[in-house]
Amino acid sequence: VAALTAPTLPQGCRFRAVVLNSRGCNGCPVTSPKLYHAGTTDDIRSAVLWICHTFPQSLIFGLGFSLGANALTKYVGEEGPECPLSGFGSWVNRWVYDFVLGGALQALLGRHRKVFYSDPSSPLPGALLDHFLSRKYVRLREYDDVITTRLYGFKDHMDYYSAISSSRVVDRISIPCLAINSNDDPIVTVENIPICQVCCGILQSPWVVQAVTAGGGHMGWFAKPTRPGKKFERWYVKPTCEFLFALIE
């Protein structure tokens, strides 16, 4: 975002940035007994509609990373040919550090517990909430089985994971997409990348360019300093800028 909004860019290539925080994250208050989940697209849809009405003459591009990449890709696929974006980038699509992310979601739920206690329509009974928040360790699947399924009506965590996977709608993407993953990503393994939907035969998408680098881990792409004294920089910034500038041209 910093590279795309830098004042040193030519006037015609400078972007305005809009950052969407997931429900309850980064200090955003929760006003109803709902938190985000990994496939929430309605909030993205609302934000994009607001941008369309606020800047009706502007091209709109999307950038998603990790969990956000899955949600953004799913949104674009759901919208199909009607998607108002002009293009988007999807980096290291999908998740998940088990204990780490499970504990983070448990902490997020705890920060907003008052909303669930005070709303009689909350799908989370107070006793269940108290017991779950008192647990010392929570796996991601345990959180999804107990909390996410109740909040959004899924049968279990497998039903949830199947429903939210953006690979289900890759064939409906109808705008240019640059997707980059790493071959050694410990979270998003190569088996999770929808290669067949993107690159194979009659299923091949004319809109999606899928790149898989040999290394980089999960969001760990760094480039060597270009001159002495300069810090390491994120490698993916350059191809991202080149992709978006090419779409503008």
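Before moving on, here are some points about what is shown:
- So E82, is it assigned by TED's automatic domain parsing to the domain that holds P29, without any contact (Cβ under 8 Å) to a residue 12 or more places away in the chain and not hydrophobic (A, V, I, L, M, F, W, C): yes
- Any pair with Cβ under 7 angstrom, 6 or more apart, that starts in segment 49-74 at a residue that is more than 9 Å from N93 (Cβ to Cβ) and of a type in the set (D, E) and ends at one that is crowded, with 24+ Cβ neighbours inside 10 Å and modelled with pLDDT of 95 or more: none
Let's see how each residue does on (1) in contact with a Gly (Cβ under 6 Å, 6 or more places away or on another chain); (2) in the same structural domain as L140 (by TED's automatic domain parsing); (3) over 18 Å from R150 (Cα atoms); (4) basic (K, R):
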| site | (1), (2), (3), (4) |
| --- | --- |
| R14 | no, no, yes, yes |
| V18 | no, no, yes, no |
| N26 | no, no, yes, no |
| H37 | no, no, no, no |
| S46 | no, no, yes, no |
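- Qualifying residue in segment 86-104 (condition: modelled with pLDDT of 90 or more, crowded, with 18+ Cβ neighbours inside 10 Å, aromatic (F, W, Y) and under 17 Å from S167 (Cα atoms)): yes
- Against the test of being more than 18 Å from the chain's Cα centre (by Cα), in a loop (DSSP other than H, G, I, E, B) and farther than 30 Å from C83 by Cβ, the options L129, L124 yield a single qualifying residue, L124.
- Complete set of residues in segment 143-166 that are surrounded by fewer than 17 Cβ atoms within 10 Å (Cβ to Cβ) and closer than 22 Å to V115 by Cβ: R150, G153
- Segment 136-174, subset of a type in the set (F, W, Y) and either at pLDDT 90 or above or in a helix (DSSP H, G or I) (or both), residue farthest from G77 (Cα to Cα): Y143
- Residue match in segment 64-78 (condition: touching a Phe, Trp or Tyr at 6+ places or on another chain (Cβ under 6 Å), among the aliphatic types (A, V, I, L, M) and outside the structural domain of K238 (by TED's automatic domain parsing)): no
- Residue match in segment 117-129 (condition: modelled with pLDDT under 90, of a type in the set (D, E, K, R) and either in contact with a Gly (Cβ under 6 Å, 6 or more places away or on another chain) or surrounded by fewer than 16 Cβ atoms within 10 Å (Cβ to Cβ) (or both)): yes
- Some residue of segment 30-41 being modelled with pLDDT under 90, surrounded by fewer than 16 Cβ atoms within 10 Å (Cβ to Cβ), out of contact with any Lys or Arg (no Cβ under 6 Å at 6 or more places or on another chain) and farther than 23 Å from M158 by Cβ: yes
- Residue satisfying condition, being under 15 Å from the mean Cα position of the chain (by Cα), closer than 23 Å to G102 by Cβ and in a helix (DSSP H, G or I), within set A47, A38, A69: A69
- Tabulated pairs, segment 217-228, first within 20 Å of W91 (Cα to Cα) and in contact (Cβ under 8 Å) with a residue 24 or more places away in the chain, second surrounded by 15 or more Cβ atoms within 10 Å (Cβ to Cβ) and aliphatic (A, V, I, L, M), C-beta under 7 angstrom, 6+ apart or interchain: H218/V92; H218/I187; H218/V188; M219/V92
The values are calculated or read from the model by the stated rules, or taken from the named source; none is laboratory data. Note that the coordinates shown come from a computational prediction; the quantities given were computed from them, not determined experimentally. Because the Cβ atoms are built from the backbone with ideal geometry, glycine has one as well, and the counts that use them run over all protein chains shown.
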